[in-house]
Amino acid sequence: MPRPSLRRLLLIGGVALSATVLLAGCSGKTASAGTTAKSDAPTIALMYGTTGDFSIMDGAFNGYTKAQKELGFKELKLASPNTDDYQDRINLAISQNADLAIGIGFQFAQPMTSTAKRGHTKFVDIDTDKDTTITDGTAVSFAANESSYLVGVAAALTSKSKHIGFVGGVDQPSIQDFFVGFEAGAKSVDKSIQVDSTYLSPLGDFTGFSNPTKGKEAAASMYSGGADVIYAAAGGSGQGVYEQAKSSSTPDKKVWAIGVDGDVYQQVDKDIKPYILTSATKNVDVAVADVIKDFEKGDLKPGQKRYDVKSGGVGYSTSGGNLDAISTQMEAAKKQIVDGVITVPTALK
């Protein structure tokens, strides 16, 4: 079906602006009622993909919703699963007089930089690539290589076959960064461990982040090939990997999946939980809330901001207790990163 225009789908109601844009094909959750905004409260736009990805979109949505309840700003939620409307949403945020427009994902950086007529709207891109700059805007990145290193350590310590795997969403530097860290962590435990890798879509094709079927097929191939732990850095496609971990497990051989960005154990269905070893966490919710609070206080500065293991911006989850037996080794590896003993390699230059 043809894609409806963003402007036609904008819903504005009441004194407090509360807008939700859902484009064709989008299925996501809407926020519960937040704090009623005062007439002079700023309008803050959140430009994100669909929720329910067990990943950065859920984190962004939760951080935004929590901040709104605390601060009472006017909401402008621009959600879309499309990969070609980033400029449209930026333009819409500006046309709706957003005081702050927060984009989730590296795809917003370029159109933010090239948008000349932005009025008074301030831009923030969250979860963009390391060293990204946005003209008169703020770029927030995460040291995903560091959290990936830690779950690589967990994978190597857990694997019985000495054979693990990595499923990336898109074959691009920011996702290659997850793999580089993961492989380095695993090989710090066992230099001979086999680490398979695959990407669900090529550079420029972002469908690899939203295709659980492809994730499931990739995981099935790796598990059948001998891997017994797979790390999914594939957004919503990771759901297929998690489901396949259950399907590929037998009474004689249990296989594991590792989640990404959020604490996947807390998000998947009950029957999948026993197969989630850990997750490489990225506190997108904290980053979103931080920039909103900084904006409200007048402290939001243009430039770059990075969250890493040392700052508590990235790490790993322990839900389910599956890392209890190796907790000492995990914390030792984390401390080495914090202390600078280990410098985790990166694919990003």
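Just a few scattered comments:
- Computed from point charges on the beta carbon alone (+1 for Lys and Arg, -1 for Asp and Glu), the dipole magnitude for region 112-172 about its Cα centre is near 140 Debye.
- Residue pairs, from the table K246/K310; K216/K335; K246/K334; K253/K334; K162/K214; K77/K282, whose Cα atoms sit over 32 Å apart: K246/K310; K216/K335
- Cα long-axis angle, helix 56-71 against the chain (0 to 90 degrees, to the nearest 10): 50
- For the chain, a simple Cβ point-charge model (Lys and Arg +1, Asp and Glu -1, everything else neutral) yields a dipole of about 360 debye relative to the Cα centre.
- By accessible area, using a 1.4 Å probe on protein heavy atoms only, region 34-160 has 45% of its surface on carbon and sulfur.
- Helix 238-248 vs. the chain, principal-axis angle (Cα, 0 to 90°, nearest 10): 30
- Working note: 222 nm ellipticity from helices only, DSSP H runs with n ≥ 4, each -39,500 (n - 2.57), summed and divided by the residues of the chain, gives -10500 deg cm²/dmol to the nearest 500.
- Counting DSSP beta bridges with both ends in the chain, the antiparallel % (nearest 5): 5
- Across the alpha-carbon set of region 25-180, the Rg to Rh ratio works out to 1.03, Rh being the Kirkwood radius.
- On a per residue basis, region 292-349 carries 58 Å² of accessible surface, using protein heavy atoms and a 1.4 Å probe.
- Since only V195, Y265, L277 are under comparison, the one whose Cα sits farthest along the positive direction of the charge dipole of the chain, derived from C-beta charges on Lys, Arg, Asp and Glu, is Y265.
- Surface accessible to a 1.4 Å probe, per residue, for the residues of region 131-190, Å²: 27
- Of the residues V153, T115, G103, the one whose Cα sits farthest toward the positive end of the charge dipole of region 102-159, with +1 on the Cβ of Lys and Arg and -1 on the Cβ of Asp and Glu, is T115.
- Straight-distance crosslink candidates among aspartates and glutamates, where the alpha carbon sits under 13 Å from K301 and sequence neighbours closer than 8 are dropped: D125, D136, D290
- Region 70-229, relative contact order in percent, only Cα pairs under 8 angstrom and at least six apart counted: 18
- Heavy-atom accessible surface of region 223-349: percent carbon and sulfur, 1.4 Å: 48
- Top positive-direction residue, dipole computed over the chain with Cβ charges, set M57, P42, S210: P42
- Cα long-axis angle, helix 212-224 against the chain (0 to 90 degrees, to the nearest 10): 10
The values are calculated or read from the model by the stated rules, or taken from the named source; none is laboratory data. Just so you know, these numbers come straight off a predicted model, no measurement behind them. Every residue, glycine as well, gets a Cβ built from its backbone with ideal geometry; the counts of neighbours run over all protein chains shown. What goes into the accessible areas is simple: the full protein's heavy atoms, side chains included, and nothing from ligands, DNA or RNA. Shrake-Rupley method; radii C 1.70, N 1.55, O 1.52, S 1.80 Å.
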